[in-house]
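The values are calculated or read from the model by the stated rules, or taken from the named source; none is laboratory data. These numbers were taken from a predicted model, which means no experiment stands behind them. Here the Cβ positions follow ideal geometry from the backbone for every residue, glycine too, while neighbour counts run over all protein chains shown. All accessible areas refer to the heavy atoms of the entire protein, side chains included, with ligands and DNA or RNA removed. Shrake-Rupley method; radii C 1.70, N 1.55, O 1.52, S 1.80 Å.
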Amino acid sequence: MFTRDTARPEGGGRAASGDAPAPARQWPLLGVCAVVGLGLLLTALDVFRVGTMLVGLALVGGAVLRWAVPDVGMLAVRSRFTDMVTYGALGTAIVLLAMMAQPEPWLEIPFLDDTLHFTIDS
(Lines give C-alpha, C1' and ligand atoms only; values in the text may rest on other atoms or scores of the structure.)
Protein backbone atom coordinates (compact mmCIF):
# COMPACT_ATOMS: atom_id res chain seq x y z
CA MET A 1 0.00 0.00 0.00
CA PHE A 2 2.85 2.40 0.79
CA THR A 3 6.08 2.67 -1.14
CA ARG A 4 8.95 1.82 1.16
CA ASP A 5 11.79 1.78 -1.35
CA THR A 6 12.75 3.34 -4.65
CA ALA A 7 13.63 1.03 -7.49
CA ARG A 8 17.04 1.52 -9.09
CA PRO A 9 16.74 3.07 -12.57
CA GLU A 10 16.93 0.64 -15.45
CA GLY A 11 20.63 0.37 -16.29
CA GLY A 12 21.66 1.94 -12.99
CA GLY A 13 24.04 -0.87 -12.07
CA ARG A 14 27.80 -0.43 -11.96
CA ALA A 15 29.46 0.24 -15.30
CA ALA A 16 32.37 -1.97 -14.22
CA SER A 17 32.74 -4.85 -11.78
CA GLY A 18 32.55 -4.22 -8.05
CA ASP A 19 36.27 -4.84 -7.51
CA ALA A 20 37.21 -2.01 -9.92
CA PRO A 21 38.09 1.38 -8.42
CA ALA A 22 35.22 3.85 -8.02
CA PRO A 23 36.11 6.05 -11.04
CA ALA A 24 36.17 3.00 -13.32
CA ARG A 25 32.72 1.98 -12.10
CA GLN A 26 31.32 5.38 -13.08
CA TRP A 27 33.16 5.98 -16.37
CA PRO A 28 30.05 7.01 -18.37
CA LEU A 29 29.16 9.81 -15.94
CA LEU A 30 32.78 10.91 -15.58
CA GLY A 31 33.18 11.03 -19.36
CA VAL A 32 30.12 13.23 -19.82
CA CYS A 33 31.18 15.48 -16.90
CA ALA A 34 34.72 15.81 -18.30
CA VAL A 35 33.42 16.98 -21.69
CA VAL A 36 30.99 19.40 -20.00
CA GLY A 37 33.86 20.73 -17.86
CA LEU A 38 36.01 21.26 -20.96
CA GLY A 39 33.13 23.07 -22.64
CA LEU A 40 32.63 25.34 -19.63
CA LEU A 41 36.36 26.05 -19.51
CA LEU A 42 36.37 27.02 -23.19
CA THR A 43 33.33 29.21 -22.60
CA ALA A 44 35.12 30.95 -19.73
CA LEU A 45 38.18 31.46 -21.96
CA ASP A 46 36.05 33.39 -24.51
CA VAL A 47 35.48 30.57 -26.98
CA PHE A 48 31.75 30.81 -26.30
CA ARG A 49 30.24 29.09 -29.31
CA VAL A 50 32.58 26.08 -29.32
CA GLY A 51 32.35 25.71 -25.53
CA THR A 52 28.56 25.71 -25.41
CA MET A 53 28.38 23.37 -28.39
CA LEU A 54 30.69 21.02 -26.51
CA VAL A 55 28.33 21.09 -23.51
CA GLY A 56 25.40 20.21 -25.76
CA LEU A 57 27.33 17.46 -27.52
CA ALA A 58 28.26 15.99 -24.13
CA LEU A 59 24.56 15.68 -23.30
CA VAL A 60 23.84 14.09 -26.68
CA GLY A 61 26.75 11.73 -25.96
CA GLY A 62 25.11 10.91 -22.62
CA ALA A 63 21.92 10.00 -24.48
CA VAL A 64 23.89 7.73 -26.83
CA LEU A 65 25.67 6.09 -23.88
CA ARG A 66 22.33 5.59 -22.14
CA TRP A 67 21.02 3.85 -25.27
CA ALA A 68 24.10 1.78 -26.12
CA VAL A 69 25.58 0.72 -22.76
CA PRO A 70 23.50 -1.63 -20.59
CA ASP A 71 24.84 -0.40 -17.23
CA VAL A 72 25.86 3.26 -17.02
CA GLY A 73 26.06 3.72 -13.27
CA MET A 74 24.97 7.11 -11.96
CA LEU A 75 24.27 8.40 -15.49
CA ALA A 76 21.00 6.46 -15.14
CA VAL A 77 18.62 8.77 -13.31
CA ARG A 78 15.21 7.75 -14.63
CA SER A 79 14.01 5.09 -17.03
CA ARG A 80 16.18 4.51 -20.10
CA PHE A 81 13.65 6.13 -22.45
CA THR A 82 13.19 9.22 -20.27
CA ASP A 83 16.95 9.67 -19.85
CA MET A 84 17.57 9.37 -23.58
CA VAL A 85 14.82 11.85 -24.47
CA THR A 86 15.87 14.33 -21.78
CA TYR A 87 19.61 14.22 -22.50
CA GLY A 88 19.04 14.23 -26.26
CA ALA A 89 16.50 17.08 -26.32
CA LEU A 90 18.47 19.32 -23.96
CA GLY A 91 21.75 18.60 -25.77
CA THR A 92 20.21 19.29 -29.18
CA ALA A 93 18.62 22.52 -27.95
CA ILE A 94 21.93 23.73 -26.48
CA VAL A 95 23.81 22.95 -29.72
CA LEU A 96 21.19 24.70 -31.87
CA LEU A 97 21.10 27.76 -29.61
CA ALA A 98 24.90 27.93 -29.61
CA MET A 99 24.88 27.87 -33.40
CA MET A 100 22.28 30.66 -33.48
CA ALA A 101 24.10 32.92 -30.99
CA GLN A 102 24.94 36.45 -32.06
CA PRO A 103 27.10 37.93 -33.54
CA GLU A 104 27.44 36.13 -36.88
CA PRO A 105 25.24 33.10 -36.23
CA TRP A 106 26.23 29.86 -37.95
CA LEU A 107 22.57 28.87 -38.23
CA GLU A 108 19.55 31.03 -38.94
CA ILE A 109 16.00 29.79 -38.48
CA PRO A 110 13.57 32.36 -39.94
CA PHE A 111 10.63 31.17 -37.81
CA LEU A 112 12.51 31.90 -34.59
CA ASP A 113 13.75 35.24 -35.93
CA ASP A 114 10.16 36.27 -36.78
CA THR A 115 9.00 35.17 -33.32
CA LEU A 116 11.71 37.24 -31.65
CA HIS A 117 10.78 40.36 -33.65
CA PHE A 118 7.09 39.81 -32.89
CA THR A 119 7.67 39.62 -29.14
CA ILE A 120 10.05 42.59 -28.99
CA ASP A 121 8.14 44.91 -31.36
CA SER A 122 4.81 44.39 -29.60
_Computed E for VAL47/ALA89 - FRET, C-beta separation, R0 25 angstrom, nearest 0.05_ = 0.50
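Of TRP67, TRP27, which has the most accessible area with a 1.4 Å probe, and how do the rest follow in descending order? Each step should come with its number before you reach the end.
Numbers: TRP67 175, TRP27 115 Å².
Output order, biggest surface exposure first: TRP67, TRP27.
How much length is gained on full extension from ASP71 to ALA24, taking 0.36 nm per residue of separation minus their Cα-Cα distance?
On the way: separation 47, 0.36 × 47 = 16.92 nm, distance 1.25 nm.
Taking ASP71 through ALA24 to full extension adds about 15.7 nm, to one decimal.
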*ASP114-CYS33 FRET efficiency (beta carbon distance; Förster radius 35 Å; 0.05 resolution)*: 0.40
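If Lys and Arg each add +1 and Asp and Glu each add -1, what is the summed charge of the other residues whose beta carbon sits under 12 Å from the beta carbon of LEU59? Please list the in-between numbers first.
Working: positive: ARG66; negative: ASP83.
Around LEU59, the charge tally is 0.
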*Per-residue accessible area for VAL72 at 1.4 Å probe radius, Å² rounded to 10?*
0
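Fully extended, how many nm does the chain gain between MET100 and ARG78 (0.36 nm per residue separation, minus their Cα-Cα distance)? Please list the in-between numbers first.
Numbers: separation 22, 0.36 × 22 = 7.92 nm, distance 3.05 nm.
Taking 0.36 nm per residue and subtracting the Cα distance, the gain is 4.9 nm.
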